[in-house]
Amino acid sequence: MNGEPRMRQLKRIRQLFVLCVIMIAVYVVTFGIDTAIDCYQFCQGKTCFSSRLTILVYRDNVSPKEMDFLQNFRLNVGYYKYATDHLSGRYDPESCSMEEYFSQFTTIPAYNNCAIVGNSGILLHSNCGNEINSYDYVIRVNLPAIQGYEEDVGFKTNLTLLNFETLVYLHSNLTQKELGDEFHDMYVKRVLFLNDSVLWYGKSMGPRETRKRLQQSVEILKGTYKLPVRIGFNWRPLHPEKFVGMKRLATSGFMAYYAAKSFCSHVTLYGFYPSSKDARGFHLPHHYYEDVPYEYSNPIHDLLWEFQKYREYASEGKLHLVTEKCADSTDRDETRWANQDREKPIGDLIWFKQRKP
């Protein structure tokens with residue numbers, strides 16, 4: 001008998017709750033209250049982190065055609081959820097649940113020791129390969145040649161950042177050339193070498209058909225060639241120059257560092273050296289796998305400023321910067337391009353290879 005009054009009481013509470021939800025929904029519709037949330041934070045359970053620094057990685061069960069790479073949109077939670085979250089005290093207009101709204105993605109977990117491998121010629125004959133392979137997580141930039149250079153740059157890769165010009169070059173060679181073409185095959189092999197690591201685009205998808213280029217490239221790599229590489233991007237485009245006093249656009253290397261410090265406890269940089277001469281005055285190729293002229297301070301990027309910033313961070317203990325050989329070797333042929341298994345230098349698509357008259 002005691003159970004019946006309790007059941008009636010619970011029923012009244014539910015009815016009251018529904019009535020309140022309806023009243024709030026009517027109020028929201030009548031007065032045009034915004035039910036969208038901004039997602040300044042992503043949350044997994046009770047753990048929340050900045051959406052600006054988060055790399056979203058599509059899960060393996062998401063097909064290339066389902067990868068839309070949408071950025072910066074506001075999530076409309078709807079009138080019912082807006083009302084129920086307000087009543088329960090859970091409403092947060094700046095935080096978004098990964099499980100609820102971004103279930104097609106995973107994120108990069110935390111790591112202790114991370115290496116970011118740049119492409120400077122300072123790495124040539126450095127014998128840093130084994131040291132780089134020993135890190136918990138290895139990040140590379142702009143899809144460089146790795147095969148044939150493993151002694152100097154290692155082979156381990158967990159994350160590879162693409163900038164816009166590398167994406168343009170990748171897309172044009174995949175879509176305008178066919179299997180059997182030297183450059184088409186070269187890029188397919190480079191991505192194949194990455195295995196199931198993450199290929200990441202961190203900039204805005206808006207300009208110059210970027211989203212379309214990325215979607216078509218992914219469709220060919222994963223749809224046509226069935227490569228296991230995973231695809232990641234930033235929901236909020238990454239612009240570190242806005243937060244560090246940089247007057248020009250950040251390079252891919254600086255972007256990689258800025259993102260890595262959000263999930264790596266310790267970061268070490270290899271292959272970051274903005275000069276055509278080493279400390280002894282000997283010539284260095286611009287990239288360890290090719291030699292092209294380049295202005296290290298140009299209207300778009302200022303690599304000299306960034307290098308000085310790295311040295312500043314290193315003095316503060318925020319990173320470790322490696323610019324010397326990691327080990328000596330007496331049995332290696334130090335002749336550049338001596339290894340015939342290495343890819344031939346092709347001259348990357350660089351807007352400012354040399355100062356224009």
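Values for this structure:
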quantity: Förster radius 35 Å - calculated FRET efficiency between Y40 and N130 (Cβ-Cβ, nearest 0.05); calculated: 0.25
quantity: Cβ-defined net charge surrounding F105, 13 Å radius [Lys, Arg +1; Asp, Glu -1]; calculated: -3
quantity: Within-15-Å neighbourhood charge of T47 [Cβ basis; K, R +1; D, E -1]; calculated: -2
quantity: Net length gained if the chain between F183 and E209 were fully extended (0.36 nm per residue, minus Cα distance); calculated: 7.2 nm
quantity: Ranked by how many other beta carbons lie within 10 Å on average, peptides 147-156, 104-113 from highest; calculated: 147-156, 104-113
quantity: Label point 7 Å beyond Cα of A110 along Cβ direction - residues of the range 228-262 with amide nitrogen under 14 Å; calculated: 261-262
quantity: Total formal charge among the other residues, if their Cβ is under 12 angstrom from that of V267, Lys/Arg +1 and Asp/Glu -1; calculated: +1
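No value in this document is a laboratory result; all are computed from the given coordinates. Small disclaimer: the values here were computed from a predicted structure and weren't measured. Note: ideal-geometry Cβ built from the backbone for every residue, glycine included; neighbour counts use all protein chains shown.
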